[in-house]
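S.K.: Next up is a structure, given as structure tokens.
The values are calculated or read from the model by the stated rules, or taken from the named source; none is laboratory data. Quick caveat, the model's predicted, so the values are computed rather than measured. Virtual Cβ from ideal backbone geometry, glycine too; neighbours counted across all protein chains shown. The area values use the complete protein model at the heavy-atom level, side chains included, leaving out ligands, DNA and RNA. Shrake-Rupley method; radii C 1.70, N 1.55, O 1.52, S 1.80 Å.
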Amino acid sequence: MAMSSWFSRLRCSSKCFFNSLALRTSVSRKLVRTQTTTNSESTKNPFLFWSRSLLPIALAVSAGSLALHPQSDPSLCEASSVNSRAEFVVKGSHKEVPRELIDELKAICQDNMTLDYEERYNHGKPQNSFHKAVNIPDVVVFPRSEEQVSKIVKSCDKHKVPIVPYGGATSIEGHTLSPNGGVCVDMSLMNRVKALHVEDMDVVVEPGVGWMELNEYLEPYGLFFPLDPGPGATIGGMCATRCSGSLAVRYGTMRDNVISLKVVLANGDVVKTASRARKSAAGYDLTRLVIGSEGTLGVITEVTLRLQKIPQYSVVAMCNFPTVKDAADVAIATMLSGIQVSRVELLDEVQVRAINIANGKSLPETPTLMFEFIGTEAYSREQTLIVQKIASEHNGSDFVFAEDPETKKELWKMRKEALWACFAMEPNFEAMISDVCVPLSCLAELISRSKKELDASELICTVIAHAGDGNFHTLILFDPYNEEHRREAQRLNHFMVHTALSMEGTCTGEHGVGTGKMKYLEQELGTEALKTMKRIKAALDPNNTMNPGKLIPSHICF
């Protein structure tokens with residue numbers, strides 16, 4: 001095994017300050033296992049899991065980060081005149097919730113509902129996002145079953161009161177805002193693993209199950225769910241936002257890993273979108289229609305997920321480069337070589353510096369690629385050596401790799417905590433994240449053009465990319481009380497989005513649309529595509545009660 005001296009120092013026992021930060025905000029929840037089956041037997045055993053925080057602190061850049069995206073349409077958003085802090089408030093109309101509806105919800109949910117202002121405020125104005133709304137939910141309900149969800153939705157539809165589904169609160173584009181008030185449906189109590197089919201390699205779960213808790217549950221069976229967004233994300237929310245993460249380059253995004261859904265539509269009807277078969281040509285693909293719909297078409301109540309075998313062996317490698325373009329070129333060359341890497345992550349020199357400051361490390365502060373190779377021991381090592389040769393042909397240096405489990409774990413931990421590492425450089429600043437994605441052949445150009453703009457800015461900007469699939473993030477640190485800082489961060493964000501769109505890319509590779517990215521959709525998709533979406537929305541939700549004001553710009557008509 002090849003390993004440099006600095007790599008050995010990664011095992012140092014000094015604790016990262018993020019650990020205590022995350023622990024202070026964590027809470028315990030029950031994740032109930034109701035059935036585990038193979039093809040020949042079924043067993044039932046209850047158990048406990050430590051679960052996610054209601055307001056997770058340790059968000060990863062891959063799934064979400066703090067963001068500020070002002071709306072260009074004044075009917076949707078305007079600068080807040082209430083708070084001196086630079087933030088944007090989504091407008092909405094509000095009408096008083098009928099007392100009759102409150103009584104109906106009380107009858108359905110019993111004690112699992114609240115009118116408490118603090119609870120409603122936390123659900124309506126997430127603390128981990130700049131996006132705010134003029135209103136907060138009038139009531140928050142915590143259903144325990146699909147039947148309760150159906151009854152809640154029917155009552156809201158009857159009274160024409162908005163519904164906002166709510167998962168792990170890790171989304172950052174305003175998905176869970178309640179600009180029109182209404183009912184927030186918190187799915188956290190629906191957190192059971194309903195059935196595990198080991199030989200079929202699939203699992204049926206409720207939407208409140210966290211992906212990290214699910215993988216803890218699956219580990220004894222030699223299986224895992226391969227998507228890895230931010231800590232605290234739940235399966236239902238991951239479906240709603242069509243999320244992905246660093247492993248998407250090998251295993252795909254959420255749409256590729258969901259076999260079937262059960263969804264409560266706006267009228268309260270429950271729809272099962274597909275069977276449990278791995279493939280089907282029967283009818284419209286309703287599963288993928290719902291995935292990425294961000295709660296605008298229905299409330300997800302059950303998810304059947306495709307699972308993978310835990311890799312037999314893995315190697316994590318790192319390599320340094322003189323420029324981010326050189327690093328991006330190696331990522332592209334690696335993918336074109338046909339090597340089945342499981343992760344290819346790019347960090348620029350500023351991001352590496354932040355990691356060093358936050359973790360007390362001494363990694364070389366140059367643009368860096370991180371790889372993970374999986375398979376048999378021989379195959380993983382063979383692929384590592386092939387990529388080492390590719391890197392050497394593109395000005396790569398200091399190629400090192402690790403096979404020790406603890407070293408590998410610490411490396412990926414630092415990568416997942418990259419956002420919070422940046423705050424070590426400017427503890428009192430806030431962060432804005434640009435999440436764009438382009439065809440792989442355009443990635444090097446996108447990063448090069450963006451890097452020139454970022455380096456010329458007075459703000460501290462870092463680059464992180466899921467380089468294997470063309471997904472590019474920029475983290476911009478700025479003083480939220482400084483108007484010039486805010487405008488500059490805003491300008492940089494717009495620059496990268498429009499640059500990506502000019503390369504036939506997308507304004508959001510994995511964070512979703514919510515309210516923050518709506519202003520870019522017309523340029524990206526065209527008016528006719530948005531009209532088609534609105535027709536589907538109107539057909540399934542004629543009263544526009546399901547998460548109104550999200551995903552589809554309000555000016556689109558048909």
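S.K.: Working with all protein chains in place, sort 528, 430 by solvent-accessible area computed with a 1.4 Å probe, largest first.
M.R.: Sorted by accessible area, descending: 528, 430.
S.K.: ³J(HN,Hα) across the stretch 303-315 via Karplus (A = 6.51, B = -1.76, C = 1.60, θ = phi - 60°), whole Hz, x for Gly/Pro?
M.R.: 9, 9, 10, 7, 10, 10, 6, 4, x, 5, 8, 8, 10
S.K.: List the aspartates and glutamates whose alpha-carbon lies under 19 Å from that of residue 534, not counting same-chain residues fewer than 8 positions away?
M.R.: The qualifying aspartates and glutamates are 73, 157, 285, 294, 522, 524.
S.K.: Contour minus end-to-end for residue 481 and residue 532, with contour as 0.36 nm per residue of separation and end-to-end as the Cα-Cα distance? The partial results should precede the final answer.
M.R.: On the way: separation 51, 0.36 × 51 = 18.36 nm, distance 4.07 nm.
Length gained, residue 481 through residue 532: 14.3 nm.
S.K.: Can you give the FRET efficiency to the nearest 0.05 for residue 491 and residue 194, using r as the Cβ-Cβ distance and R₀ = 35 Å?
M.R.: Working: r = 48 Å, r/R0 = 1.37.
That gives a FRET efficiency of 0.15.
S.K.: What is the sum of charges around residue 394, taking Lys and Arg as +1, Asp and Glu as -1, for the other residues whose C-beta is under 13 Å from the C-beta of residue 394?
M.R.: Numbers: positive: 325, 389; negative: 326, 329, 393.
That works out to -1.
S.K.: Amide H to amide H, which residues 5 or more places from residue 509 or on other chains are under 5 Å from it, using H placed in the peptide plane?
M.R.: Excluding prolines and chain starts, which carry no amide H, the hits are 436, 437.
S.K.: Do the alpha carbons of any pairs in 272/409; 416/519; 132/413; 125/452; 389/409; 154/519 sit beyond 27 Å of each other, and which pairs?
M.R.: Working: 272/409 38 Å; 416/519 29 Å; 132/413 30 Å; 125/452 35 Å; 389/409 25 Å; 154/519 31 Å.
Check vs 27 Å cut-off fails for 272/409; 416/519; 132/413; 125/452; 154/519.
S.K.: Okay, moving on. At 1.4 Å probe size, what's the solvent-accessible area of residue 420? Round to the nearest 10 Å².
M.R.: 40
S.K.: Let me ask you something else. If the reach is capped at under 28 angstrom between alpha carbons, list the lysines near residue 279, excluding any in the same chain fewer than eight residues apart.
M.R.: Residue 279 reaches 194, 262, 309, 537.
S.K.: Still on this model: Considering Cα pairs under 8 angstrom that are at least six residues apart, work out the relative contact order of the stretch 193-309 and quote it in whole percent. Provide the component values of the computation, followed by the final result.
M.R.: Details: 218 pairs, mean separation 38.2, N = 117.
That works out to 33 percent.
S.K.: For the stretch 174-190, in order, what is each residue's ³J(HN,Hα) by Karplus, 6.51 cos²θ - 1.76 cosθ + 1.60 with θ = phi - 60°, in whole Hz (x at glycine and Pro)?
M.R.: Using θ = phi - 60°, the values come out as x, 4, 9, 5, 10, x, 10, x, x, 10, 8, 9, 7, 8, 5, 7, 8 Hz.
S.K.: Right, something else. Could you please report the charge total around residue 304, scoring K, R as +1 and D, E as -1 over all other residues with beta-carbon less than 12 angstrom from its beta-carbon?
M.R.: +2
S.K.: Take every Cα pair under 8 Å in the stretch 91-186 that's 6+ residues apart, average their separations, divide by the length, and report that relative contact order as a whole percent.
M.R.: Details: 167 pairs, mean separation 36.2, N = 96.
About 38 percent, as a whole number.
S.K.: In square angstrom, rounded to the nearest 10, how much accessible surface does residue 535 have for a 1.4 Å probe?
M.R.: The accessible area comes out at roughly 110 Å².
S.K.: Ranked from the most accessible area to the least, with a 1.4 Å probe and all protein chains present, what is the order of 440, 214? Let's see the in-between values first.
M.R.: On the way: 440 45, 214 0 Å².
Of 440, 214, the descending order of accessible area is 440, 214.
S.K.: Tell me which aspartates and glutamates have Cα within less than 20 Å of residue 361's Cα, excluding those fewer than 8 residues away on the same chain?
M.R.: Partners found: 345, 348, 349, 398, 403, 404, 406, 410, 417, 426.
S.K.: If you count only protein heavy atoms with a 1.4 Å probe, what accessible area per residue comes out for the stretch 316-402, rounded to a whole Å²? Walk me through the numbers on the way to the answer.
M.R.: On the way: 3050 Å² over 87 residues.
Accessible area per residue: 35 Å².
S.K.: Can you give the accessible area of residue 269 in Å² (nearest 10), computed on protein heavy atoms with a 1.4 Å probe?
M.R.: Roughly 80 Å² of residue 269 is accessible to a 1.4 Å probe.
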